[in-house]
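Only one structure is covered here, and it is reproduced in the block below.
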Amino acid sequence: MELEAFLEHLNNGKEVIAGSEVLSYMTELADEAMRISAELNNKYNPPEKVNELFFKLINKPQDKTFRLFPPFYTDCGKNITIGKNVFINSCCHFQDQGGIIIGDNVLIGHNVVIATLNHNPIPTQRASILPKPVKIGNNVWIGSNATILPGVTIADGAIIAAGAVVTKNVAENTVVGGNPARVIKKIEV
């Protein structure tokens, strides 16, 4: 299987059947992500090298406005899109097979988890995987230890409070927090 066909399958929301060629390729990508992540996470790298390794991991051209504090974890990497002036703090976990799209001027705190996969709820089909993308707009701030679940869209200017579990879309210029995350207030702009 080729990367383009794999991404097309997942980005179209098609189920990944247990034992399929798609799942086998997903495992190959995970192995590659672990190799690159080991180099990124297990020794000191200057910011330029961190940038180089991150963009190698996500298979995109380097962007000098991006900043990452390692360690960073992903089990794929190839379905992450990053805007300009994005900062990701240490110990974040991105499960990106279903697609993670991050806009411009986004701040992501320590230990944030972004998940894009669920398992099939039918017990006899539970090993199959259901992808749904996470979309993060421009000028978003995600606090430490937040978890963003599959299929969520966070609109421009939103703030996700530390520790929030985001299960539903977040409106523009809104602060949400809690488990499950609820609106705390609107941001006056």
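Helix check for the chain. Which DSSP H runs span at least 24 Å along their own axis by Cα, with a mean Kyte-Doolittle hydropathy no less than -0.5? Passing helices, by number: 21-41. Under 16 Å Cα to Cα from K168, which aspartates and glutamates show up? Leave out anything in the same chain fewer than 8 places away. Cα-Cα hits under 16 Å: D156. A Cβ-based charge dipole, computed about the Cα centre of the range 12-71 with Lys and Arg at +1 and Asp and Glu at -1, lands at about 320 debye. For T174, the residues whose modelled amide H falls within less than 5 Å of its own, excluding neighbours fewer than 5 places apart on the same chain, are A158, I159, I187.
Computed over the range 105-174, relative contact order equals 30 percent, with contacts defined as Cα pairs under 8 Å that lie 6+ residues apart. The 3J(HN,Hα) values that the Karplus relation (6.51, -1.76, 1.60; θ = phi - 60°) gives for the range 127-144 are, in residue order, 6, 7, 10, 10, x, 8, x, 10, 10, 10, x, 7, 6, 9, 10, 10, x, 4 Hz. Gly and Pro appear as x. Which lysines, if any, have their Cα less than 23 Å from the Cα of K84, not counting same-chain residues under 8 positions apart? Straight-line reach from K84, under 23 Å: K49, K56, K60, K64, K135.
Ignoring ligands, DNA and RNA, what percent of the accessible area of the chain is carbon or sulfur (1.4 Å)? It is 54 percent, rounded to a whole number. Amide H contacts under 5 Å for G151: K132, V134, restricted to partners 5 or more places along the chain or on a different chain, H placed in the peptide plane at 1.01 Å from N.
Site pair K43 and A30 shows an inter-label distance of 2.7 nm when each label is modelled 7 Å from Cα along Cα→Cβ. Determine the shape class of the chain: with a ≥ b ≥ c the square roots of the Cα gyration tensor eigenvalues, call it rounded for a/c under 1.5, and otherwise prolate if a/b is greater than b/c, oblate otherwise. Here the chain falls in the oblate category.
State to the nearest 20 debye the size of the charge dipole of the chain about its Cα centre, where the only charges are +1 on K and R beta carbons and -1 on D and E beta carbons.
Details: 17 positive and 18 negative charges, 127 e Å.
My answer is approximately 620 debye.
The values are calculated or read from the model by the stated rules, or taken from the named source; none is laboratory data. As the structure is a computational prediction, the values presented were derived from the model and not from experiment. Note that we place each Cβ from the backbone using ideal geometry, even for glycine, and neighbour counts take in every protein chain shown. Heavy atoms of the whole protein, side chains included, go into the accessibility calculation; ligands, DNA and RNA do not. Shrake-Rupley method; radii C 1.70, N 1.55, O 1.52, S 1.80 Å.
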